[in-house]
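**Student:** Below you'll find the structure I mean.
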Amino acid sequence: MMRDRTSLVTGAASGIGRGIAEHLAQRGDNVLATDVTAFAEPVHDVGVSTQHLDVTQPDQWDAVVNGCDRLDRLVLNAGVRLGLPEPDAITVEEYMRTMAVNLNGVFFGIRAAVPLLSASGGGSILVIGSMAAVGPLPRDPVYATTKHALVGLVRSLAPTLIDRGVRINMLCPGVVETGFLGSDGRRQLEARGVVVLDPAEVAVGALAILDQTETGQVFVQPGRAAPTPHEFPTVDRPGT
């Protein structure tokens, strides 16, 4: 199989990121799977290499991107959650860390990768969000804040990046079987009738978005149906 397309995935040691990395490799991409934690389970797919990356550190982003000959796809999946609803129960350190990973880490990745994406002939960026990006999440307001901010970032960057041949979109899945759920989380949720997606189901939708020609779209995937664009109200902003 000729592998003439390169993809970079963050938060790829497990969960959604790992599922997307594996699906991209199976499709024929050279995949650089990155994470701040060690890959406890080796990625056996041909075409996948792994590398340490703390997305909160711009210098690490620069080093990783500079080590790539080309870049065609960037999947920004790394994220953390707090699960704390009371603002006075959240330490400054916890707040800053969540913002650094979920928001700064995405911006730093885009900033580092856009020149190479453009030089490689253009490409596609996919930000992995959450349904918390388009609605409230009272049990984790800081996490929801970061995801709402990413919606604004993606939609606002799209017109600028497309002039450089780079598309950017966002995928907001519902509840997914990841480390966020805990050891008994899936069983408890499904007992309440909640649909829990497998990472592979999200990966299929992610690849479809990476391949399409739209930009600046926020796709939602609350259940097992294919992702669909979220409709935002039109607001007139004179001068913008």
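The values are calculated or read from the model by the stated rules, or taken from the named source; none is laboratory data. Computed from a prediction, not measured in an experiment: that's the story for all the values here. We place every Cβ from the backbone using ideal geometry, glycine too, and count neighbours over all the protein chains shown.
**Student:** What pairs come out if I take residues in region 104-130 that are under 18 Å from ASP72 (Cβ atoms) and pair them with residues that are charged (D, E, K, R) and modelled with pLDDT under 95 whose C-beta lies under 8 Å away, six or more apart or interchain?
**Tutor:** What qualifies is SER124/ASP211.
**Student:** For a quick check of your reading of the model, give me the residue pairs whose first member lies in region 203-226 and is at pLDDT 95 or above, whose second is assigned to a helix (DSSP H, G or I), with beta-carbon atoms closer than 6 Å and at least 6 apart or on different chains.
**Tutor:** Partner pairs satisfying both residue conditions: ALA206/ILE20; LEU207/HIS23; THR215/ALA158; THR215/ILE162; GLY216/ARG155; GLY216/ALA158; VAL218/VAL151; PHE219/ILE209.
**Student:** Look at GLN51 and say whether it is polar (S, T, N, Q), without any contact (Cβ under 8 Å) to a residue 24 or more places away in the chain and within 21 Å of THR98 (Cα to Cα). I'd like the intermediate steps shown before the answer.
**Tutor:** Numbers: polar (S, T, N, Q): yes; without any contact (Cβ under 8 Å) to a residue 24 or more places away in the chain: yes; within 21 Å of THR98 (Cα to Cα): no.
No; evaluated as a whole, the condition is false for this residue.
**Student:** So LEU32 ticks every box in (1) in contact (Cβ under 8 Å) with a residue 40 or more places away in the chain; (2) farther than 30 Å from PRO136 by Cα; (3) in contact with a Leu (Cβ under 8 Å, 6 or more places away or on another chain); (4) not small (Gly, Ala, Ser) but one. Which box is left unticked?
**Tutor:** Here LEU32 meets the rest and fails (1).
**Student:** Okay, next question. List every residue pair whose Cβ atoms lie under 7 Å apart, where the two residues are 6 or more positions apart in sequence or sit on different chains, the first residue falls within region 55-70 and is farther than 21 Å from ARG97 by Cα, and the second residue, located anywhere, is among the small types (Gly, Ala, Ser).
**Tutor:** If the second residue must be among the small types (Gly, Ala, Ser), the pairs left are VAL65/ALA112; VAL65/ALA113; ARG70/SER120.
**Student:** Something else about it: Would you be able to tell me the number of residues in region 149-166 that are out of contact with any helix residue (DSSP H, G or I) (no Cβ under 6 Å at 6 or more places or on another chain), under 16 Å from ASP211 (Cα atoms) and surrounded by 23 or more Cβ atoms within 10 Å (Cβ to Cβ)?
**Tutor:** The total comes to 0.
**Student:** Take region 134-167 and flag every residue that is out of contact with any Lys or Arg (no Cβ under 9 Å at 6 or more places or on another chain) and β-branched (Val, Ile, Thr). Working first, answer last.
**Tutor:** Pass one, region 134-167, residues out of contact with any Lys or Arg (no Cβ under 9 Å at 6 or more places or on another chain): 135-136, 138-139, 141, 144-157, 159-160, 162-167.
If the condition is that a residue be out of contact with any Lys or Arg (no Cβ under 9 Å at 6 or more places or on another chain) and β-branched (Val, Ile, Thr), then THR145, THR146, VAL151, VAL154, THR160, ILE162, VAL166 are the ones that fit.
**Student:** I need the full set of residues from region 11-43 which are surrounded by 20 or more Cβ atoms within 10 Å (Cβ to Cβ), assigned to a loop (DSSP other than H, G, I, E, B) and of a type in the set (D, E, K, R), in order please.
**Tutor:** ASP29 - this is the single residue of region 11-43 that is surrounded by 20 or more Cβ atoms within 10 Å (Cβ to Cβ), assigned to a loop (DSSP other than H, G, I, E, B) and of a type in the set (D, E, K, R).
**Student:** Are any residues in region 78-101 part of a loop (DSSP other than H, G, I, E, B), among the β-branched types (Val, Ile, Thr) and over 25 Å from MET170 (Cα atoms), and if so, which ones?
**Tutor:** ILE90, THR91
**Student:** Do we find that ARG187 is in a helix (DSSP H, G or I), of a type in the set (Lys, Arg), surrounded by fewer than 20 Cβ atoms within 10 Å (Cβ to Cβ) and at pLDDT 95 or above in this structure?
**Tutor:** no
**Student:** When region 46-67 is examined, which residues are found to be under 20 Å from GLU22 (Cα atoms) and surrounded by fewer than 15 Cβ atoms within 10 Å (Cβ to Cβ)?
**Tutor:** VAL46, SER49, HIS52, listed by residue number.
**Student:** Confirm whether VAL92 is at pLDDT 95 or above and more than 19 Å from the chain's Cα centre (by Cα).
**Tutor:** On the way: at pLDDT 95 or above: yes; more than 19 Å from the chain's Cα centre (by Cα): yes.
Yes; evaluated as a whole, the condition is true for this residue.
**Student:** Listed residues THR91, THR160; which is without any contact (Cβ under 8 Å) to a residue 60 or more places away in the chain, among the polar types (S, T, N, Q) and more than 26 Å from ASP62 (Cβ to Cβ)? Lay out the reasoning, then the answer.
**Tutor:** Values: THR160 fails: more than 26 Å from ASP62 (Cβ to Cβ).
Result: THR91 is the single residue among THR91, THR160 that is without any contact (Cβ under 8 Å) to a residue 60 or more places away in the chain, among the polar types (S, T, N, Q) and more than 26 Å from ASP62 (Cβ to Cβ).
**Student:** Does LEU126 count as surrounded by 14 or more Cβ atoms within 10 Å (Cβ to Cβ), modelled with pLDDT of 95 or more, in a strand (DSSP E or B) and within 15 Å of the chain's Cα centre (by Cα)?
**Tutor:** Yes: the conditions hold for LEU126.
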